[in-house]
1. Considering only region 366-388, I want to know if a residue exists there that is farther than 30 Å from S438 by Cα and of a type in the set (D, E, K, R).
2. Can we say E84 is under 21 Å from S25 (Cβ atoms), in contact (Cβ under 8 Å) with a residue 60 or more places away in the chain and more than 22 Å from the chain's Cα centre (by Cα)?
3. Can you report the number of residues in region 614-651 which are over 22 Å from P38 (Cα atoms) and not polar (S, T, N, Q)?
4. Out of all the residues in region 390-412, is one or more within 25 Å of the chain's Cα centre (by Cα) and β-branched (V, I, T)?
5. Would you be able to tell me the number of residues in region 712-738 that are surrounded by 12 or more Cβ atoms within 10 Å (Cβ to Cβ) and either outside any loop (DSSP other than H, G, I, E, B) or in contact (Cβ under 8 Å) with a residue 24 or more places away in the chain (or both)?
6. Could you count how many residues in region 391-447 are farther than 22 Å from D378 by Cβ, in a strand (DSSP E or B) and modelled with pLDDT under 90?
7. Got a number for residues in region 115-149 being within 30 Å of N455 (Cα to Cα) and within 14 Å of the chain's Cα centre (by Cα)?
8. Of all residues being surrounded by 15 or more Cβ atoms within 10 Å (Cβ to Cβ) and at pLDDT below 75 in region 77-89, which is nearest to G599 (Cα to Cα)? Just the residue, please.
Amino acid sequence: MSRMKIYLKIFLLIFSITCNSQNNSLAGKISYGLENLPYVNIYIQNTKLGTSSNEDGYYQIKNIPSGTYKIVVSSLGYKTKATEITFNKNENEKIIQNFSLVSDNSLDEIVVSGNLRPVSKSASSVPVDVYSKSFFKKNPTPSIFESLQNVNGVRPQLNCNVCNTGDIHINGLEGPYTFVLIDGMPIVSGLSTVYGLTGIPQALIQRVEVVKGPASTLYGSEAVGGIINIITKKPSNSPMLFVDSFSSSWEEINTDIGFKYNASKKIQGLLGINYFNYQNIIDNNNDNFTDLTLQNRISIFNKLNIERRNNKLFTVAFRYVYEDRWGGETNWNKSFRGTDLVYGESIYTSRWETFGTYELPTTENIRLQFSANGHHQDSFYGTDSYKADQLIAFGQLIYNKKIKKKHDLLFGIAYRYTTYDDNTFATSESDGVTNKPSIIHLPGVFIQDEMNLTNQHKLLIGARYDYNSLHGTIFSPRVNYKWNSKNNKNILRFSVGNGFRVANIFTEDHAALSGAREVVFEGELSPETSWNANVNYVKKISINNTLVSLDASGFYTHFNNRILPDYETDPNKIIYANLNGFSVSKGISLNSDISFPLGLTMNIGATLMDVSIHENNIKKRQLLTESFSGVWSISYNLKKSRIKIDYTGNLYGPMKLPLLSELDPRRGESPWFSIQNIQITKNIGTSWEMYGGIKNILNFTPANNSIARSFDPFDSGVDFNSNGEAIATTNNPYALTFDPSYVYASNQSIRGFLGLRYTIF
């Protein structure tokens, strides 16, 4: 805990820096109608001056230097209000400024992910779930990957018991079917599928938008299952300084720092740094393997907004991430890297990203979006070397035109260039020896028309045409229909669309690299195709200042040529092949947001689904996919004491697990399990927040035999027959081989955490 003392000293030093005070003061009353409002936040933007209204609704801010300031007033359930005031030089002024707030009953946000243009959530023809930065504060984590564990229908799935890599499942579909974007740009794909959601400084995240269901018409072939769009803050709306650091009893340390600056008169920047460190070897399940992968990661993010005429947008961002992670036998160190003396999985990752948006200087709404990223990975999985490089460049030109208030026309052209080389037979010539990096050119064109049929009816029709240089043409149509009641408290949406995906096995599924199984490709892998139908109903209810929002969805996806790893045919192999049949993902989900007038808010969701594989007239459950999941977030705000209590959690039903053979003594499916967390946050003044709590309060961890033959990771004690199959012996009665793919939850047990946040507005 010595590190925590250092961080406390840093925070105290920052807190000790104060500006020169004068005798100017600002005071007044905060009201709603005839009612005075207590515990409302009032602060002076771009300073650390601020306060809260007292029990009678009155406030006062003293020692304000002379100058012109923007005063911001905000409170949960009310629309934020701002006004400008001026204190004259060399005068001790006392200004009285009252504020009358307006209730915000809309619970409606601006979203961009559904239609590629800003629109209110309720007006969008495409259902979009929005999660603000305050949602993620309820359960602080070192990465967005972990933060998504409390989003309904979304599940972070670990793919390896040793290296702890993972991806994001949406409605039971694996990570490669989920398209992850940052500010609308396709940054996280290919090699970064399992690493791209780590290292994003959460101090810079404004909100996260989730679209469940195919979005290939606008985003291309990878958006089969849905998209996750991480929206970063604008420099103009960001605090001057934000610091958030926490540590846990497992000795994890995570620090986020963000601040804005002026690079010139017309260029405003936002810089963010994330640092995560975990170097504590823990083996609570006594299998001689690390329960949690050790990591050392730093990420630097810089976003620039360039001021232009006519308020035309020009923004560009950069990010660099470096990570050193390893897991394996507890006595492993870097001297054993790549050897068969002690088993370890060591992964060095470095990646850079740049992306931005430029609005053309025309009277029409035309914008250019661009991105590029490079990913380098140097890793060893035991003795198996995996060195890979990937470069992706992307650009698209979008034209948005409103015609006679009836049509919102969107037209775009796009081009994507991808090259990757992983030095495996996946990027080799037909002889299996000569290396041949994969290069893909993917030009495309798309169009959509959102028609306002009446004030209550909308119809969206869209289509996309892509040409993949390796697999030919791709056509992706979609149709969306939306109805809303006159008071907008009832909304019904229906959508149909298709998807197309080209799989890159090693770049997407790192479980194929871990363990002793041989990876086998059966024939040439054809692209996957799918059709999806989705129906969504939203109901908003207001009763005695209690706001309730109900969101129900039903979904159905049918896949052809699906590519799935086969762990069952041969216990010594992972076989990849196109499914000789079809696959179906179907289910229903329900989400409810409730806001009570006395500071209690609740978000509760549940998803029931059936993800199956149909081959040779036999239906089978998909591996590592739960039939039921539930999430909740319950918060109580004690305004008088400025304390907030957050209780978050999830619940998962049994998943089918990959066994090595019929002799494997491990359970064929996981148990019901739940990860629950409790947190208490205390606001201190206007700049400080102290928070702490307990994670995984039920102390759930998987069985200690999750890694088969963990005592023999190189299979030195395994006997094989002439076909290369393990055979039962006295020393190996179940004919097992070393295998870390039996994974459905983290091995990280109960732990306490403590953190501090410091903000200057």
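1. Yes.
2. Against the criterion (under 21 Å from S25 (Cβ atoms), in contact (Cβ under 8 Å) with a residue 60 or more places away in the chain and more than 22 Å from the chain's Cα centre (by Cα)), E84 does not qualify.
3. 17
4. yes
5. Of the residues in region 712-738, 13 are surrounded by 12 or more Cβ atoms within 10 Å (Cβ to Cβ) and either outside any loop (DSSP other than H, G, I, E, B) or in contact (Cβ under 8 Å) with a residue 24 or more places away in the chain (or both).
6. Within region 391-447, residues that are farther than 22 Å from D378 by Cβ, in a strand (DSSP E or B) and modelled with pLDDT under 90 number 1.
7. So the answer is 4.
8. Of everything passing the filter in region 77-89, G77 is nearest to G599 (Cα to Cα).
The values are calculated or read from the model by the stated rules, or taken from the named source; none is laboratory data. The structure displayed is predicted, hence computed values, not measured ones. In this analysis, Cβ positions are derived from the backbone assuming ideal geometry, glycine residues included, and neighbour counts consider all displayed protein chains.
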